[in-house]
Structure formats: C-alpha cells, structure tokens
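Engineer: Sharing a structure here in structure tokens format.
None of the figures in this text is laboratory data; all of them are computed from the coordinates on show. Remember, predicted model here, so these are calculated numbers, not experimental data. Glycine also receives a Cβ, built like all others from the backbone with ideal geometry; neighbour counts cover every protein chain displayed.
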Amino acid sequence: MNRGLQAAQFLGQLRRQIGRPLLVIWDGLAVHRSRNVKAYLEGHPGGIQLAQLPGYAPELNPVEYLWGHPKRQGVANVCPRDLAELGSEARRKLRRMRARPSLVRAFWKQADLSLRTNATQYSEDQ
C-alpha cells in the first residue's frame with residue numbers, strides 16, 4: 001500500500017478516535033508531505049493542524065526520546081535468543097512506559113517544545 005495513503009488513513013482514524021481538533025507534530029519525512037496527506041487535510045479543514053519539526057533536529061523530536069529510553073534503559077542489556085524475543089521485550093518495555101505519563105511529559109520538556117500554537121493552546125486536560 002502507498003505510504004502516503006497509509007498516513008492519510010492514519011490521520012482519518014486518529015481524527016475519528018480523538019473526536020476533537022488535533023495538533024499533529026511530524027518530522028520532515030516525505031510521506032508526511034505527500035499528495036495523499038495534503039488531499040486529506042484539504043478535504044477536512046479545521047480538524048487537524050500540522051506542525052513540522054525542522055530538519056536534522058532530533059533533539060526537538062520527543063519521539064526520539066521515547067524510542068531512545070527503552071533502548072538505553074530496557075533492552076540495552078537484553079541478550080535475546082532471536083529477533084522475535086527482542087521484539088517481544090521491546091514491546092513489553094514500551095507497554096510499561098504507558099503507565100508512566102510523567103516520563104512522556106519529561107520527553108516533551110527535554111525536547112523543549114511548547115504546546116502553544118497560533119490558534120489554540122493544547123493541554124493535557126483537553
């Protein structure tokens with residue numbers, strides 16, 4: 001399946017599941033700027049606001065910290081028998097992070113991103 005189409009479908013699912021205006025922060029991956037994504041956004045004005053991170057700035061991307069944490073804290077000392085065991089261990093570590101929202105908030109702080117946009121302020125309470 002076309003990656004741009006997958007990204008547009010993801011936005012649609014996300015919009016339906018959340019049910020209120022969204023701020024989606026993406027990196028510069030070409031898929032995020034694809035014709036399919038642009039067409040979806042033009043067809044659904046006002047529901048999703050996109051913010052793009054600057055290129056070559058992983059320190060501004062909280063997802064880099066999100067993925068880096070289990071690598072450093074979780075699976076760094078694991079010696080799996082095979083790729084399946086490594087995958088299971090990585091998924092287990094990521095599931096454990098769900099129970100620690102303060103950790104995810106810390107990644108936002110470390111990335112030094114503001115949750116304020118020109119039009120709307122997004123907060124954890126909304």
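Engineer: Taking the chain as the region of interest, what is the percent of Cα-Cα pairs per 10 angstrom bin, listed from the shortest bin to the one with the maximum distance?
Structural biologist: Calculated P(r), rounded to whole percents: 11, 32, 38, 17, 3, 0.
Engineer: From the residues Pro80, Pro45, Val31, which one has its Cα farthest along the dipole of the chain in the positive direction, the dipole being from +1 and -1 charges on Cβ of Lys/Arg and Asp/Glu about the Cα centre?
Structural biologist: Pro80
Engineer: Please compute the length gained on full extension between Arg81 and Leu29, using 0.36 nm multiplied by the number of residues separating them and subtracting their Cα-Cα distance.
Structural biologist: Working: separation 52, 0.36 × 52 = 18.72 nm, distance 3.32 nm.
Result: 15.4 nm gained on full extension.
Engineer: For region 57-116, what number results from the quotient of the Cα radius of gyration and 2.2 N^0.38 Å?
Structural biologist: Values: Rg = 13.1 Å, N = 60, 2.2 N^0.38 = 10.4 Å.
For region 57-116, the normalised Cα radius of gyration is 1.26.
Engineer: Here is a follow-up. Among Ser88, Ser102, Ser34, what is the fewest-to-most ranking by other Cβ atoms within 10 Å?
Structural biologist: Working: Ser88 12, Ser102 6, Ser34 18.
Lowest to highest Cβ neighbour count: Ser102, Ser88, Ser34.
Engineer: Further question on the same structure: Just tell me which lysines come within less than 16 Å, Cα to Cα, of Lys38; anything on the same chain fewer than 8 places away is out.
Structural biologist: none
Engineer: Using C-alpha positions alone, give me the convex hull volume of region 1-52 per residue in cubic angstrom.
Structural biologist: Numbers: hull volume 3.5 nm³, N = 52.
Convex hull volume per residue, Cα atoms: 67 Å³.
Engineer: Only Lys, Arg, Asp and Glu count, each charged at its Cβ (+1, +1, -1, -1), so figure out the dipole size of region 57-116 about its Cα centre, rounded to 20 debye.
Structural biologist: Working: 13 positive and 6 negative charges, 74 e Å.
For this selection, approximately 360 debye.
Engineer: If neighbour count is taken as other Cβ atoms inside 10 Å, put Leu11, Leu22 in order from fewest to most.
Structural biologist: Numbers: Leu11 21, Leu22 15.
In order of increasing Cβ crowding within 10 Å: Leu22, Leu11.
Engineer: With springs only between Cα atoms under 10 Å apart, run a GNM on the chain and tell me which of Trp67, Trp108, Trp26 wobbles the most.
Structural biologist: Trp67
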